[in-house]
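Okay, structure first, notes after.
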Amino acid sequence: MKKFILLLSVCAFTFSSCSISKEARAKRNLLSGSWILNDVSFANNTGNFKAVLFNDVEDICLEGSDWFFRDNNSTGRYTIGASSLCKEGDRFIRWSVVERADNNTSQLQFKFINEKLKDISGGVGYRLNIESLTEQSMRLQSNVQVDGKSVSVVYEFTRK
């Protein structure tokens, strides 16, 4: 009987430690679905920027891209449209929402996978701060260093 109670306790602890917070779950549910990335901008700085984002395409290529997040298996994709500057096509991702305990914020994290859901990025991924998220709009931000100065890349989405 003691072994059974111990086993039950260990199982309960394991399952509770693997679960996500209510806030993260709510954001996952809001994120699920199709989005259009309307604008990529660089905040808190002056001047013109040209950047390759996610080691994939230039910032201009992401504008107008179609993003899809499936929450039941944490997969998704973003699609770059045809253009003379951009390599068009689907990019498949595995994503999640994580809570940062140090400053009580949420982040969207993702890494690249192939059509068979296998990691193709060697475990390398990306994290974007969730600045705002509603039923119809989403604003994400990432901070990068350029010549020793912090630059904020802002991604503005609307629900498709």
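The values are calculated or read from the model by the stated rules, or taken from the named source; none is laboratory data. Remember, it's a predicted structure, so these values are computed and weren't measured experimentally. Cβ: placed from backbone, ideal geometry, glycine included. Neighbour counts: every protein chain shown.
Side notes on the structure shown:
- If you go through segment 31-51 and keep only what is at pLDDT below 95 and touching a Ser or Thr at 6+ places or on another chain (Cβ under 6 Å), you end up with Ala43, Asn44.
- Residue match in segment 129-145 (condition: among the hydrophobic types (A, V, I, L, M, F, W, C) and farther than 23 Å from Phe49 by Cβ): yes
- Matching residues, segment 68-86, being of a type in the set (A, V, I, L, M, F, W, C), out of contact with any Leu (no Cβ under 6 Å at 6 or more places or on another chain) and surrounded by 16 or more Cβ atoms within 10 Å (Cβ to Cβ): Phe68, Ile80, Cys86
- Any hit, segment 84-93, residues being at pLDDT below 90, closer than 27 Å to Lys149 by Cβ, touching a helix residue (DSSP H, G or I) at 6+ places or on another chain (Cβ under 7 Å) and not polar (S, T, N, Q): yes
- Out of Val40, Val97, one residue alone is within 25 Å of Arg25 (Cα to Cα) and buried (at least 17 other Cβ atoms within 10 Å of the Cβ). It is Val97.
- The residues of segment 86-134 that are of a type in the set (D, E, K, R) and under 19 Å from Val153 (Cβ atoms), listed by number, are Arg91, Arg100, Lys111, Arg127, Glu131.
Every residue, every condition in (1) without any contact (Cβ under 8 Å) to a residue 12 or more places away in the chain; (2) farther than 21 Å from Phe68 by Cβ, yes or no:
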| residue | (1), (2) |
| --- | --- |
| Arg127 | no, no |
| Gln145 | yes, yes |
| Ser152 | no, yes |
| Tyr155 | no, no |
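- Total residues in segment 65-89, condition more than 24 Å from Lys27 (Cβ to Cβ) and not polar (S, T, N, Q): 8
- Scanning segment 77-91 for residues that are among the charged types (D, E, K, R) and under 18 Å from the mean Cα position of the chain (by Cα) yields Arg77, Asp90, Arg91.
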